[in-house]
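Please read the structure below before turning to the comments.
The values are calculated or read from the model by the stated rules, or taken from the named source; none is laboratory data. The structure displayed is predicted, hence computed values, not measured ones. Cβ sites come from the backbone with ideal geometry, for glycine too, and all protein chains shown count toward neighbours.
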């Protein structure tokens, strides 16, 4: 591809992100009603803190929406309101463990609300914003009562911006999630995801992995007028023996506490109750992966993808393992499956491109790498893989440009600098080649090959 075409693409990417910034500014200018967003503080029967989450009010009589997993193992749920008041929920109106949402009833009163939108009208690349309380920025034991503390909670709400990458099923084919680039940090669970008109279109549900998932808001609408009431005590009893209870405990210990052994125990307990539980197999695989147990991890990922062949994350992780094992044909199969299920899966496009490079199929790799960059112009690894594709094709100028962009995005792989050294050497650019050797020796001071080649420059 010519320089001018490359430049044109980069300009288009820049324009795209400028547009995103404009929309983000407009959302801020017409700000979300943060008075309707609350902090949820979960405590165990002994009064010890379990964790925090986010919720939002959708009806003025005090109907509150959050994730089910925020309530897990809680004997008490405190709700910190925007004005500094703290109340306990009056009752639970609805719990859906599979879809991971709960409807709660606040004490009688008149409450500020968020307006709900229509998640079925969402399209790819529609702009979204997510709001929540980052747990790392908040001490739930802190008091916010008193005039000097008024509205402090509003100031502690974090707002992120992005767009829709697609609306697809994840592990279960019968219900979809919103895939988005708007990031959800720990503590965002149960928080609102809003469109450019600040209407709620989703509930932040899965964060911090390769993707961020929001439950479409339309999933909860049929239950807003329910007259059911569930006590926390009843929920606590049910969750002790439910597969979802074990699963979400496993997630908490794996991704929040870093206790892999406890996570494995919980995932296994979930699978004893239901061996067809796709997500439990997947996250058990992730736990084994954290422990470096490749064979066990692969076995669980294979089970997850056997149960649901179109599970994007399961296929992507399995493809990653086969890539590292140099089983490139198998890796390609699973990356392609991930992309078929989720066409805008950024990491899968980049990884597929990297795998095709290994088989000297760089011509096939380049479109996937450009797709990853188009979807996320800040994704440095994709630029690195694109540089490798151009190197394989002997297009040294385009390779250097891709590598330079990778470096600007924070990529500092040793192989990148060796490739740049090779490109500069082949083009007779000795000073730049020497500079790459210097960088290699900064990264790895005892690199014998780099030292030997540096000696050649001194002669």
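Brief remarks follow.
- Filter result for residue 303 (assigned to a helix (DSSP H, G or I) and without any contact (Cβ under 8 Å) to a residue 12 or more places away in the chain): no
Condition check ((1) in contact (Cβ under 8 Å) with a residue 24 or more places away in the chain; (2) within 22 Å of residue 394 (Cβ to Cβ)) across all residues:
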residue: 406; (1), (2): yes, yes
residue: 418; (1), (2): no, yes
residue: 428; (1), (2): no, yes
residue: 431; (1), (2): no, no
residue: 442; (1), (2): no, no
residue: 445; (1), (2): no, no
residue: 448; (1), (2): no, no
residue: 451; (1), (2): no, no
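- Scope the range 333-346; condition in a helix (DSSP H, G or I) and crowded, with 24+ Cβ neighbours inside 10 Å; matching residues: 334, 335, 338
- Test for residue 47: is it surrounded by fewer than 21 Cβ atoms within 10 Å (Cβ to Cβ) and either touching a residue at least 60 places away in the same chain (Cβ under 8 Å) or at positive phi (or both): yes
- Among the residues listed as 84, 62, 51, the single one being under 21 Å from the mean Cα position of the chain (by Cα) and in the same structural domain as residue 157 (by TED's automatic domain parsing): 51
- Residue match in the range 411-427 (condition: surrounded by fewer than 16 Cβ atoms within 10 Å (Cβ to Cβ), under 23 Å from residue 354 (Cα atoms) and in contact with a helix residue (DSSP H, G or I) (Cβ under 6 Å, 6 or more places away or on another chain)): yes
- Filtered by the rule that a residue be assigned to a strand (DSSP E or B) and surrounded by 15 or more Cβ atoms within 10 Å (Cβ to Cβ), the range 91-118 gives 92, 93, 94, 95, 96, 101, 102, 103, 104, 105, 116.
- Yes/no for residue 202 being buried (at least 24 other Cβ atoms within 10 Å of the Cβ) and part of a loop (DSSP other than H, G, I, E, B): no
- The one condition in (1) surrounded by fewer than 16 Cβ atoms within 10 Å (Cβ to Cβ); (2) at pLDDT 90 or above; (3) within 30 Å of residue 168 (Cβ to Cβ) that residue 88 fails to fulfil: (3)
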